[in-house]
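Single-structure report; data block below.
The values are calculated or read from the model by the stated rules, or taken from the named source; none is laboratory data. Note that this is a predicted model, so its numbers are computed, not measured. Cβ: placed from backbone, ideal geometry, glycine included. Neighbour counts: every protein chain shown.
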């Protein structure tokens with residue numbers, strides 16, 4: 001329990017990321033199923049290196065599903081398409097469009113998150129520039145992305161101890177390993193395969209993640 005002088009910590013929430021390749025009809029059904037499983041804050045459409053027409057079609061199909069569930073819809077990398085399709089924002093990596101340029105294109109009211117890998121320096125730069133969140137990882141081996149660096153939980157502890165900009169933990173996160181990230185201070189858990197490849201399906205996965213989050217927050 002927090003002392004009277006300590007603000008109560010905001011609950012960690014789920015941040016879903018699409019598989020890198022999808023069958024749109026099948027995935028739309030999976031997406032609806034996942035969102036029926038419990039609390040989800042955000043969804044990132046990450047169709048890396050896929051044709052823009054495919055990303056556009058997927059956005060037009062999936063964005064209304066997210067909106068109906070009050071889930072923020074972000075595009076990965078493609079700032080110009082995000083502006084055209086009026087998504088809630090974008091996620092940019094270190095090799096993508098710089099944060100300042102993305103902000104100038106999207107305006108002040110859109111969400112822009114920045115990949116910071118395991119770098120405190122990159123995270124401080126992004127936060128100082130005005131990023132809405134910083135993403136740290138990979139915390140565990142990932143089946144959907146080649147991890148270039150390994151991040152440790154003390155990074156989340158360090159950041160949450162004095163910086164208000166939210167953190168997104170990413171990389172191989174599952175129901176079985178996420179509790180330590182919640183306890184370390186992650187504001188959001190970015191999950192892909194841990195939901196879409198869950199043996200009991202995405203609805204059960206989201207429900208299970210939320211149970212573990214609640215348990216970890218309570219300890």
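Selection of region 65-87 for residues being within 26 Å of residue 39 (Cα to Cα), outside any strand (DSSP E or B), touching a strand residue (DSSP E or B) at 6+ places or on another chain (Cβ under 8 Å) and touching a residue at least 24 places away in the same chain (Cβ under 8 Å) yields 66, 71, 77, 82, 85, 87. Inside region 192-206, can you point out the residues that are farther than 21 Å from residue 139 by Cβ and either at pLDDT below 95 or surrounded by fewer than 18 Cβ atoms within 10 Å (Cβ to Cβ) (or both)? Residues satisfying the conditions are 199, 200, 201, 204. Kindly establish whether residue 177 is surrounded by fewer than 16 Cβ atoms within 10 Å (Cβ to Cβ), under 17 Å from the mean Cα position of the chain (by Cα) and under 29 Å from residue 95 (Cβ atoms). So residue 177 passes the test. If you filter region 100-114 down to residues that are free of Cβ contacts under 8 Å to residues at least 40 places away in the same chain and surrounded by 21 or more Cβ atoms within 10 Å (Cβ to Cβ), you find that the one that is farthest from residue 45 (Cα to Cα) is 102. Just a yes or no: is a residue in region 51-64 surrounded by 12 or more Cβ atoms within 10 Å (Cβ to Cβ), in a loop (DSSP other than H, G, I, E, B) and touching a strand residue (DSSP E or B) at 6+ places or on another chain (Cβ under 8 Å)? No, the conditions are met nowhere in region 51-64. Criterion applied to 156, 189 was being touching a helix residue (DSSP H, G or I) at 6+ places or on another chain (Cβ under 7 Å), surrounded by 21 or more Cβ atoms within 10 Å (Cβ to Cβ) and in a helix (DSSP H, G or I), and the one residue passing it is 156.
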